[in-house]
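Notes follow once the structure below has been shown.
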Amino acid sequence: MISQDTIDRILDAADIVQIIEDFIPLKKRGVNLIACCPFHSEKTPSFTVYPDSASFYCFGCGTGGDVIRFIRLIENLDYMDAVRFLAERSGMK
């Protein structure tokens, strides 16, 4: 089991914008970023990344959450594997 303190450190170290940009191209719109959602088919961007709250939300399909949730969905991982993925990416054990 991973402690909440460790998960919090991983979340602090994981830059949601940088991580999501590794999977989909983002465009700046004000303080947020937008893209076409990777979780459903669309032509007009409805996927928004909020750097200030380190979260994302798609107004088209309703999918949202933090960087762990994004990695779980995009890589088809369970919670613990997504946490490990982010820890390794951040250089943490």
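Coordinate-derived values only; no laboratory data. If you're wondering where the values come from, they're calculated on a predicted model, not measured in any experiment.
Cα-based values for the stretch 21-93, radius of gyration first and Dmax second, are 12.6, 39 Å. The 3J(HN,Hα) values that the Karplus relation (6.51, -1.76, 1.60; θ = phi - 60°) gives for the stretch 27-34 are, in residue order, 10, 6, 9, x, 8, 9, 10, 10 Hz. Gly and Pro appear as x.
For a straight C-alpha distance cut-off of 24 angstrom, the lysines reachable from K43 (same-chain residues fewer than eight places away being disregarded) are K27, K28. Orientation-averaged projection of the stretch 54-93 equals 3.0 nm² [convex hull of Cα atoms, one quarter of hull surface area].
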